[in-house]
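Working notes, beginning with the structure itself.
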Amino acid sequence: MTKLKLPPEVAEYFPYASVRPRQDQFIKTVFDAVESRRSVLIEGSNGLGKTISAISACLPTAVEKDLKILYVARTHRQHDRVIEELRAVFKKHHVSGISLRGRNQMCLNNLAAKNAFDAKSLMEACELLKAKGRCPYHKTPEEQNYEYLQLQQQIAARPYTASDIQKVCRRRGVCSYELVKAALSDVKVVALSYLYVFDPVIRAAFLKNLDSHLQKTILIVDEAHNLPETAIDIASSSLSLFVIKQAELEAKKYENKEIEDFANFFRKEIEKMTENISREQIISPESIIEIIQNQGSIANPRDFFEQLNEVGSSIRRNLLAEGKNPRSYIHGMSEFLLRWLDTLGDDSFIHVASSYITRERLKTAKLEIVALDPSKVTSPVFSFTYSNIVMSGTLQPLEAYARITRLPENTVQCVVPSPFPKEHILSLVCCGVSTAMEKRTPAMYQTIIERINEVVQNTPANTGIFTASFEVLNSLIAEGLEAALDKPLFHEYRGMSSKTNEKIVAGFKACGEGDGAVFLGVQGGRTSEGVDFPGNQMNSVIIVGVPYAEPTPRVKAQINYYDECFPKLGREYGYVLPAMKKASQAAGRPVRTLEDRGAIIFLDYRFSTNYCRNFLPSWVSNHMKVLQPGSNILAQEIHKFFNP
Ligand code: SF4
């Protein structure tokens, strides 16, 4: 810890007596950028205190210019962390803040909350319920008594987490979502999920509640390495055979023969089309429309899809009037088909037909509209806000990130050097091992198991192993990993529920208190990206293989698309970068605080090449040591590190 050397404006808000190593550099970079109305793309490792740094660096400008701060992050824990930090700020300076949960988390009305299948459908269901006066928790302006208004004022006056507000509202039988919505316009800092800001439909509703415009907001994007993928998800959609079949049954129930016949015909056409597709195939979107026009005798598809949409909306209104779940498959199908038409001729989308196996082990199929350009989602936000602070522990190379998400031209780019003492992180790459396709032999897996064992035996307590794919994970188990270890093995498996995963992770963490255990998971999975393992919960982490995606048609299309936008960089942006993000995230699991000591071992020689190494965060790559093939070399390094 060092004495405070912060700009005086920031020192007014920064709640702690000292700063962590490099934290002042982070704060000053953000403060200077925001003060001059610029955006900043900044990489800083775990343990730096990025949350409080970003907030206190933005507050002086936000207060002076009367701007809101929107802090977007992925998990509720991260949202609540913002409020915890604001409570510390509040002791120095009265700043209000709310962590916002999705309507599905805050809704008290079972009819809406239990049945809506996504955020948009719940939003629509809620609007319909309120319009029909069928939600007892919603208070119209006439029903808002003195107590309600006082509560609203109270939550706009100081930092509150969503769960604090939920508890109070549940007791009083008031919708917490609505109450928060009403208080939003008076709150300075809002911590919320990406969707509120980056999904255009949800954003429009949110900004209305906020009673503000993007121009009047400073946006902080935490864990920003997730953003490109989230943006792609937001802009993509799918239509399964199941939904078409349900639309057919719905039409039959409502005696709409025309729609029933269309859904029946359309389903059969998709079945025919996907019969011989082993996984996925890019299709011409026009061909689907031609089939609908020629074989389905629909002269004007757009008119027809809009008609479906209207019928679907009216079914939903009727269901609601009957007190039932206002869900219409006809409506869902029409939304997809209208979007299909809207994306015709747009080369930032591909249209895919794919077949897959359901959980019930049945073969089925779907049509997908797959977005290829995250900037179509991010740029309309980044170019309108007052300033964007885009931060994460794994963003390099920054230029690639800035181009993919189309951050404003004058964005400040900065990599804050690692605050970790050199002796706290051991970063090793082992040559002589690889999970490259052509090298996946039983002998190679045996060598990998041998290396893993060298790490496990010399690690004081827990070791995490994250493999390139489930195929590699299963091969390690098949080749006898568990029997080779002298510590218990906890492992993920494909299709594991989040509850089971949590249980397994908790069991593994608990072993950190004793003789230790081994956790085996995949890179890019739930555990390798979303769970922290400080202290003895994970002393060593082993990255087995580079997690390159399978070269499916959509992956190839992504590479080609980026090649068009950024000549010669398609493979790097569309293939290498996503893989290295996953590896970097997994590598960071054991080092979450400045006190942690962690050994990071890459079991694949490819990580030692400049091609891969340049994509790792500097706090991992700076002191990386390359070990030549051979037994016990790794064991000695690990032993030395943990027994200095
Ligand atoms: S008003 Fe609140 S409780 Fe009622 S449906 Fe909407 S979110 Fe749910």
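The values are calculated or read from the model by the stated rules, or taken from the named source; none is laboratory data. None of these values were measured; they are calculated from a predicted model. When we count neighbours, we look across all protein chains shown, and the Cβ atoms used for this are built from the backbone with ideal geometry, even at glycine.
Structure summary
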read-out: Helices (runs of 4 or more DSSP H) contained entirely in the range 271-378, each with at least 3 residues that are among the aromatic types (Phe, Trp, Tyr); value: 329-342
read-out: Members of the range 513-548 that are of a type in the set (Gly, Ala, Ser) and modelled with pLDDT under 95; value: 514, 524, 525, 528, 530, 535
read-out: Residue within the range 1-11 that is part of a helix (DSSP H, G or I) and of a type in the set (Val, Ile, Thr) present; value: yes
read-out: Residue tally, condition touching a helix residue (DSSP H, G or I) at 6+ places or on another chain (Cβ under 9 Å) and surrounded by fewer than 17 Cβ atoms within 10 Å (Cβ to Cβ), over the range 16-27; value: 1
read-out: Residue match in the range 354-363 (condition: in contact with a helix residue (DSSP H, G or I) (Cβ under 9 Å, 6 or more places away or on another chain) and aliphatic (A, V, I, L, M)); value: no
read-out: Filter result for the condition that a residue is on the phi > 0 side of the Ramachandran plot and in contact with an Asp or Glu (Cβ under 6 Å, 6 or more places away or on another chain), over 521, 545; value: 545
read-out: Test: residue in the range 518-541 that is in a loop (DSSP other than H, G, I, E, B), over 24 Å from the mean Cα position of the chain (by Cα) and crowded, with 18+ Cβ neighbours inside 10 Å; value: yes
read-out: Leading residue by the ranking (farthest from residue 65 (Cα to Cα)) among those in the range 18-38 that are hydrophobic (A, V, I, L, M, F, W, C) and within 28 Å of the chain's Cα centre (by Cα); value: 26
read-out: Members of the range 585-623 that are crowded, with 23+ Cβ neighbours inside 10 Å, out of contact with any Asp or Glu (no Cβ under 6 Å at 6 or more places or on another chain) and assigned to a helix (DSSP H, G or I); value: 586, 587, 607, 619, 620
read-out: Residues of the range 448-471 satisfying the condition of being out of contact with any Lys or Arg (no Cβ under 6 Å at 6 or more places or on another chain), farther than 28 Å from residue 514 by Cα and of a type outside the set (Asp, Glu); value: 468, 469
read-out: Residues being more than 27 Å from the chain's Cα centre (by Cα) and of a type in the set (Gly, Ala, Ser) - total across the range 318-372; value: 5
read-out: Close pairs from the range 126-139: first under 17 Å from residue 102 (Cβ atoms) and at pLDDT below 90, partner more than 9 Å from the ligand (Cβ to nearest atom) and part of a loop (DSSP other than H, G, I, E, B), Cβ under 8 Å, at least 6 apart; value: 129/326
read-out: Any hit, the range 222-245, residues being of a type in the set (D, E, K, R) and outside any helix (DSSP H, G or I); value: yes
read-out: Scope the range 282-311; condition in contact (Cβ under 8 Å) with a residue 60 or more places away in the chain, under 20 Å from residue 243 (Cβ atoms) and not hydrophobic (A, V, I, L, M, F, W, C); matching residues; value: 285
read-out: Search result, residues across the range 479-495 that are in a loop (DSSP other than H, G, I, E, B) and of a type outside the set (Phe, Trp, Tyr); value: 479, 480, 485, 486, 487, 488, 492, 494, 495
read-out: Single residue of the range 547-579 satisfying the filter (part of a helix (DSSP H, G or I) and of a type in the set (Phe, Trp, Tyr)) that is surrounded by the most Cβ atoms within 10 Å (Cβ to Cβ); value: 562
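Here's the yes/no breakdown for (1) closer than 25 Å to residue 589 by Cβ; (2) not assigned by TED's automatic domain parsing to the domain that holds residue 638:
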residue	(1), (2)
354	no, yes
361	no, yes
375	no, yes
397	yes, yes
403	no, yes
412	no, yes
417	yes, yes
428	yes, no
448	yes, no
